[in-house]
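Colleague: Sharing a structure, written as structure tokens. Questions coming.
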Amino acid sequence: MTEPQSGATTLDALVIGAGISGIYQLYALRELGLDVQTLEAGSGVGGVWYWNRYPGARFDAESYTYGYFFSKELIDEWDWSEEYAAQPEIERYLNYAVDRFGLRERINLEQRVSSAVWDASSGRWTVTTESGRVWRPRYLVTALGILSAPAFPKVPGLGDFRGEWAHTGLWPADGVDFTGKKVAVIGTGSSGVQIIPIVAKDADSLVVFQRRPNWCTPINNFDITPERMDDIRNRIDEIFEATQLSPSGSPHSPMTESSLDLDPEERRRRFEKLYDSPGLVMALGNFRDVALDKRANDNCTAYIAERIRARVDDPAVADRLIPTDHGFGQKRPPLENGYYEVFNEPHVTLVSTLEESMVRFTETGIETSAGHYDVDVIVFATGFDAVVGSYNKIDIRGENGLSLKEHWEAGPRTWFGMQTAGFPNLFMIGGAQSVTGTIPRITDFQADWVASAVEYARDHGHTTIATTEAAEDEWIDHVNGGIVGTLQEKAESWAFGSNVPGRKRAYLLYAGGLPQYRERVRAATDDDFRGLTFSS
């Protein structure tokens, strides 16, 4: 209903974000019979798969494992065309799901949230968007995504640049034409690795600015034939069960045997099979000790480095493309398709910003400590202010005006990544301290849990659900303990906020794996919602 005196829309629940997780949360809450709506900043649904329209963007998980499992009808109706679908197909799929389940009328597009303030007197949140619209939900659920706040390099002068520029995470709907142009791509993370081969095909010249290289492995993508799609449908329960048993929420689990117990020839044969397998098998189906023992990891990285050198003609360039600051798996490895071969092309130049720092953007290009590069187009493939960045963009205030940004100043504080102390009736799915791996496989569990908690409160006459700082401390200790003794403990990546200057180092995700996460949440829920309080 709408309150005429204020123009605010009062409702049971409000979801922020219409990506793959937010869409399912909207569905789950609607199925309870709640008056629920969604706010989405974009002019279309899809979340990261709406904003990241850059050429080359695609799944790094098998298409049918990333999509929805809750509806057999949807599984039967949708044919995936590729093992790792590209962005246009993913966006079509999510639009199809929204219409298939009658959710579009509940989604408010082009409504970027500016603030969310808890009102203890009414037991509701006041949510305001940049357009001035106001909503008053009892329950607020954020589905903001961990990679949705684009980051830019701290280099001055972009306003002086007279050419065209775009960030891969905010790609223009009408695209960017690289044909015959001088192009610079800044960044060699996942989006850079995906877009660089495509830019190289059309550009007159391409300069790639790389801070640090990543351990990239081939995607080895392939088309899904009608026969394979039928087989996938016939095995869908088996496939889903595999995602639930895997730590990463994928169909792949690490090999339990030690790579160090194998003779070098057999170990190399296994690495070769992993490298030539599709998708993230090299990362998710590798020997378990590769993530735990530096000797095992060194063997793995030596093999990948050998494959890189075999694909890059210039040994000096190959050396620049081989990481020296981290082992394989300490960062999520980008999947590539012809990426290394790009640097054999005479019109492509690789610049290390550790050796040749960017000084400023100019009217005609990029000035570095060693000279100037004239370019017509700049592509920022510089990633995101991950996990907490999207929350910091919203002024979220809880009890007594407590700022979420201040509450999380030293790092996220949560109850299983889904609630935070001092912010009653605020739930987070796919947020801090709860996600790693194939994100939808954890967020559909979280969305179901949020719906069940709200249903429990409704059925027992409660109107408020909150957690405590003691419960936060317990979860933080478990989260941090999960990486102790692993190579991840000393890693530097966006998962620790290392890519954001001035950010305090804190582990932002959860490395315990999906089965352990589910087990712990269910145990706390069965123990009378341990760590939560319900009140009227």
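The values are calculated or read from the model by the stated rules, or taken from the named source; none is laboratory data. In this text the structure is predicted, and so the values were computed from the model without any measurement. Note that each Cβ is placed from the backbone with ideal geometry, even for glycine, and that neighbours are counted across all protein chains shown. For the accessible areas, the whole protein counts, side chains as well, though only heavy atoms, and no ligand, DNA or RNA atoms are used. Shrake-Rupley method; radii C 1.70, N 1.55, O 1.52, S 1.80 Å.
So that you can scan it fast, the table gives a plain yes or no per residue for (1) open to solvent by 10 Å² or more (accessible area, probe 1.4 Å); (2) more than 17 Å from Ala18 (Cβ to Cβ); (3) out of contact with any Ser or Thr (no Cβ under 9 Å at 6 or more places or on another chain); (4) not in a loop (DSSP other than H, G, I, E, B):
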{"residue": "Asp60", "(1), (2), (3), (4)": "yes, yes, no, no"}
{"residue": "Tyr64", "(1), (2), (3), (4)": "yes, yes, yes, yes"}
{"residue": "Pro88", "(1), (2), (3), (4)": "yes, yes, yes, yes"}
{"residue": "Arg92", "(1), (2), (3), (4)": "yes, no, yes, yes"}
{"residue": "Tyr96", "(1), (2), (3), (4)": "yes, no, yes, yes"}
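Colleague: State all residues of segment 306-341 that are open to solvent by 10 Å² or more (accessible area, probe 1.4 Å), out of contact with any Leu (no Cβ under 8 Å at 6 or more places or on another chain) and outside any loop (DSSP other than H, G, I, E, B); if no residue qualifies, say none.
Modeller: If the condition is that a residue be open to solvent by 10 Å² or more (accessible area, probe 1.4 Å), out of contact with any Leu (no Cβ under 8 Å at 6 or more places or on another chain) and outside any loop (DSSP other than H, G, I, E, B), then Glu306, Arg307, Arg309, Ala310, Arg311, Pro315, Ala316, Asp319, Glu341 are the ones that fit.
Colleague: Restricting attention to segment 374-409, report how many residues are farther than 20 Å from Ala143 by Cβ and aliphatic (A, V, I, L, M).
Modeller: 6
Colleague: Sticking with this structure for a sec: Sort out which residues of segment 201-213 are more than 17 Å from Glu164 (Cα to Cα) and part of a helix (DSSP H, G or I), and write them in order of number.
Modeller: Residue satisfying the conditions is Lys201 alone.
Colleague: Applying the selection to segment 119-145, what residues are touching a strand residue (DSSP E or B) at 6+ places or on another chain (Cβ under 8 Å), buried (at least 18 other Cβ atoms within 10 Å of the Cβ) and in a loop (DSSP other than H, G, I, E, B)?
Modeller: The answer is Ala143, Leu144.
Colleague: Considering each residue of segment 216-241, count those that are hydrophobic (A, V, I, L, M, F, W, C), within 21 Å of the chain's Cα centre (by Cα) and either under 19 Å from Tyr64 (Cβ atoms) or open to solvent by 50 Å² or more (accessible area, probe 1.4 Å) (or both), and give that number.
Modeller: 2
Colleague: Of all residues in segment 198-210 being surrounded by 18 or more Cβ atoms within 10 Å (Cβ to Cβ) and not small (Gly, Ala, Ser), which is nearest to Met358 (Cα to Cα)?
Modeller: Phe209
Colleague: I would also like to ask the following. So which of Ala13, Ala18 is open to solvent by less than 10 Å² (accessible area, probe 1.4 Å) and in a loop (DSSP other than H, G, I, E, B)?
Modeller: Matching residue, one of Ala13, Ala18: Ala18.
Colleague: Could I ask something else about it? Just wondering, is there one or more residues in segment 433-446 that are in contact (Cβ under 8 Å) with a residue 24 or more places away in the chain, small (Gly, Ala, Ser) and closer than 21 Å to Arg30 by Cα?
Modeller: no
Colleague: With at positive phi and crowded, with 16+ Cβ neighbours inside 10 Å as the only criterion, which of Gly187, Gly163, Gly102 stands out?
Modeller: After applying the criteria, what remains is Gly187.
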